[in-house]
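Here's the structure we're looking at; comments come further down.
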Amino acid sequence: MGALQSTLVYLILLHSSHTVAYKDQEWNKATATYAKDTEGSLITEGACGYGDLHKASYGKHSVGLSTILFNRGSTCGACYEIRCVDHILWCVLGSPSVIVTATDFCPPNYGLSVDYGGWCNFPRQHFDLSLPAFSEIAKRKADIIPVQYRRVKCERSGGLKFTMSGSSHFYQVLITNVGLEGEVFAVKVKGSRTGWIPMARNWGMNWHCNVNLQHQPLSFEVTSSTGKTLTSYNVAPSNWQFGQTFQGKQF
């Protein structure tokens, strides 16, 4: 079996076990660090495309995921419960946990070993936490800590949010504030003059289609990673503009 085939088999097996762990609420082993620049990507940017995390309703409890966990952006929006374990010097007494939202990608550094600096290299499971989140489970002076994590349902206030961008023949929508699984598996959009149009993942939580949808009310059908489908009709009015955000239903 070649290296590519081995990698694909590993990804399939890990995804299967990850799904079971989420359903059974089992704890898994990993490591964690914190983003040294607290005003950096975990706050205002990120590979999931959320932009300002406070405006996206994710606030200060955010996390960047290593390659295997990020899964090319499909895990954006997922919620994890993380606790520091097995380190009496660095872990906060009692091993409290913190719940964070996946908002960014922790890039690999293949110039360094997975055990010395290459924390986010494939296939290592690693979390690069925002400083406020890290400080809730470990002492700030710690460099890297052993943790346990598990998937949890995302608790959100209000409905899904749809932020419009693009141009006349390239329509893109950023979807945020997704409850329960947090992840989005598929999106369809429908104008008053169209049928349901499947959208493709552009990057992170940005979805697009090459259709002119201006001057018509828009409805959205969003499918979560577990197959739940939510339809929000006429979310955006016919006079919607690029840059505007509208709120739909919630899972």
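Details
- Among the residues of the stretch 236-247, those that are more than 15 Å from ARG193 (Cα to Cα) and part of a strand (DSSP E or B) comprise THR245, PHE246, GLN247.
- Any hit, the stretch 35-56, residues being closer than 16 Å to ALA138 by Cα and modelled with pLDDT of 95 or more: no
- Annotation note: of SER232, SER165, SER225, SER219, the sole residue that is part of a strand (DSSP E or B) and under 25 Å from ASN71 (Cβ atoms) is SER165.
- Among the residues listed as VAL189, VAL211, the single one being closer than 24 Å to SER74 by Cα, over 19 Å from the mean Cα position of the chain (by Cα) and part of a loop (DSSP other than H, G, I, E, B): VAL211
- Criterion: hydroxyl-bearing (Ser, Thr, Tyr), in contact (Cβ under 8 Å) with a residue 40 or more places away in the chain and open to solvent by 20 Å² or more (accessible area, probe 1.4 Å) - qualifying residue of SER157, SER113, SER130: SER157
- Hey, GLU221 over 30 Å from TRP27 (Cα atoms) and at pLDDT 95 or above or not: yes
- Of all residues in the stretch 197-248, those satisfying the criterion of being of a type in the set (Ser, Thr, Tyr) and farther than 13 Å from VAL173 by Cα are THR223, SER224, SER225, THR226, THR229, THR231, SER232, TYR233, SER238.
- Across the stretch 181-221, the number of residues qualifying as among the aromatic types (Phe, Trp, Tyr) and either surrounded by fewer than 17 Cβ atoms within 10 Å (Cβ to Cβ) or touching a Cys at 6+ places or on another chain (Cβ under 7 Å) (or both) comes to 3.
- Listed by position, the strands (runs of 3 or more DSSP E) inside the stretch 77-133 whose residues that are over 15 Å from ILE144 (Cα atoms) and modelled with pLDDT of 95 or more number at least 3 are 79-84, 97-105.
- Sole residue being over 21 Å from GLY46 (Cα atoms), open to solvent by less than 40 Å² (accessible area, probe 1.4 Å) and at pLDDT below 95, chosen from ALA142, ALA138: ALA142
The values are calculated or read from the model by the stated rules, or taken from the named source; none is laboratory data. Only a predicted model underlies this, so the values are computations on that prediction, with no experimental measurement involved. Using ideal geometry, Cβ is built from the backbone for each residue, glycine included, and neighbour counts are taken over all protein chains shown. What goes into the accessible areas is simple: the full protein's heavy atoms, side chains included, and nothing from ligands, DNA or RNA. Shrake-Rupley method; radii C 1.70, N 1.55, O 1.52, S 1.80 Å.
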